[in-house]
Each structure stands twice: as structure tokens, then as C-alpha cells.
Amino acid sequence: MARIAGVNIPTNKRVEIALTYIHGIGNTKAREICTKVGIDQARRVQDLSDAEVIQIREVIDGDYMVEGDLRREVAMNVKRLMDLGCYRGLRHRRGLPVRGQRTHTNARTRKGPAKPIAGKKK
């Protein structure tokens with residue numbers, strides 16, 4: 001099993017798909033990495049040699065921010081907004097949608113399950 005950026009990537013999947021298991025790498029970046037290293041995207045992870053896995057690891061470490069560093073930076077950005085007390089920071093603090101979505105109905109993913117109001121009848 002190949003371990004890249006602290007993540008065990010699945011061995012029986014194509015390289016392009018397996019790289020997307022790393023936080024911060026999607027389809028486009030996975031394709032970029034494959035072309036930089038010179039690996040065919042259709043190859044399986046189990047068919048890669050140790051040298052190729054090391055090459056992939058070096059490209060990711062050098063060029064991309066992934067996993068822990070990326071999570072830390074995103075958390076720091078949200079914390080900065082909350083400390084500033086700007087509108088977006090207040091929305092994060094209250095657990096409400098940040099990007100202007102309506103909350104009168106919907107927004108259940110962000111707000112959580114509906115809380116019943118005592119004595120309210122239709």
C-alpha cells in the first residue's frame with residue numbers, strides 16, 4: 001500500500017483517482033501531478049514502482065499544500081474572520097450559512113436538525 005502525504009492511497013485504483021484521496025488534491029491536480037511525473041493516468045497504484053511513488057511524493061511535497069498544512073491554514077483563515085468580527089466571521093461563529101443563502105427555509109445542513117418551539121401550532 002502506497003503512503004503519500006500521510007495517507008494510505010488505495011492500491012487497486014487508477015493513479016489519477018487514488019491521488020484524490022489526499023485532502024487538497026482533486027481531479028485537476030491529480031492529472032497535473034501525473035503529467036509532471038510522467039506516469040500514465042490509466043495505470044494502477046499497485047503497478048507503480050517504489051521510485052515512481054517517491055517521485056509523486058516529492059512533487060506533492062514541493063508544489064502543493066495538502067492534508068495537515070491545508071487544514072491548518074483553512075482553520076486559521078476562519079479563525080481570523082471570527083476574531084475580526086466581520087459579517088462572515090459572525091456567520092461562522094453562529095453556525096449559519098456564510099455565503100448569502102436563505103435561512104428562512106432550508107439551511108438544515110448548516111443549522112442542524114430543526115428544534116421544536118414550545119406551544120407553536122399551525
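I'm trying to understand the selection: among the residues of the range 85-97, which are assigned to a helix (DSSP H, G or I) and touching a helix residue (DSSP H, G or I) at 6+ places or on another chain (Cβ under 7 Å)?
From the range 85-97, those assigned to a helix (DSSP H, G or I) are 87-94; that's our starting set.
Result: ARG88, GLY89, HIS92, ARG93.
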Verdict on GLU16 being more than 29 Å from GLY100 (Cα to Cα), under 17 Å from the mean Cα position of the chain (by Cα) and assigned to a helix (DSSP H, G or I) = yes
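Which of the residues belonging to the range 38-52 are open to solvent by 20 Å² or more (accessible area, probe 1.4 Å) and not basic (Lys, Arg)? I'd like the intermediate steps shown before the answer.
Step one: of the range 38-52, the residues open to solvent by 20 Å² or more (accessible area, probe 1.4 Å) are 38, 40-44, 46-52.
Correct list: GLY38, ASP40, GLN41, ALA42, GLN46, ASP47, LEU48, SER49, ASP50, ALA51, GLU52.
Yes/no per residue for (1) more than 20 Å from LEU19 (Cα to Cα); (2) in contact (Cβ under 8 Å) with a residue 40 or more places away in the chain:
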{"residue": "LEU48", "(1), (2)": "no, yes"}
{"residue": "ILE54", "(1), (2)": "no, no"}
{"residue": "ARG71", "(1), (2)": "no, yes"}
{"residue": "VAL74", "(1), (2)": "yes, no"}
{"residue": "LEU81", "(1), (2)": "yes, no"}
{"residue": "GLY89", "(1), (2)": "yes, no"}
{"residue": "HIS92", "(1), (2)": "yes, no"}
{"residue": "GLY95", "(1), (2)": "yes, no"}
Note on ASP40: of the conditions (1) assigned to a helix (DSSP H, G or I); (2) in contact with a helix residue (DSSP H, G or I) (Cβ under 8 Å, 6 or more places away or on another chain); (3) among the acidic types (Asp, Glu), unmet is (1)
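For the range 97-122, how many residues are surrounded by 10 or more Cβ atoms within 10 Å (Cβ to Cβ) and more than 24 Å from HIS23 (Cβ to Cβ)? Reasoning before the result, please.
The first filter runs over the range 97-122 and keeps only residues surrounded by 10 or more Cβ atoms within 10 Å (Cβ to Cβ), leaving 97-98, 101, 103, 106-108, 110-111.
Add one more test, that the residue is more than 24 Å from HIS23 (Cβ to Cβ), and what stays is 101, 103, 106-108, 111.
Of the residues in the range 97-122, 6 are surrounded by 10 or more Cβ atoms within 10 Å (Cβ to Cβ) and more than 24 Å from HIS23 (Cβ to Cβ).
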With the first residue restricted to the range 10-26 and required to be buried (at least 17 other Cβ atoms within 10 Å of the Cβ), and the second required to be in a helix (DSSP H, G or I) and of a type in the set (Gly, Ala, Ser), Cβ contacts under 6 Å at 6 or more apart or on different chains are GLU16/ALA30; LEU19/ALA30
Verdict on MET82 being touching a helix residue (DSSP H, G or I) at 6+ places or on another chain (Cβ under 8 Å), in a loop (DSSP other than H, G, I, E, B) and open to solvent by 40 Å² or more (accessible area, probe 1.4 Å) = no
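The values are calculated or read from the model by the stated rules, or taken from the named source; none is laboratory data. Just so it is clear, the structure is predicted and the values come from calculations on it, not from any experiment. Cβ atoms come from the backbone with ideal geometry, glycine included; neighbour counts cover every protein chain shown. Surface accessibility is based on the protein's heavy atoms, side chains included, excluding ligands, DNA and RNA. Shrake-Rupley method; radii C 1.70, N 1.55, O 1.52, S 1.80 Å.
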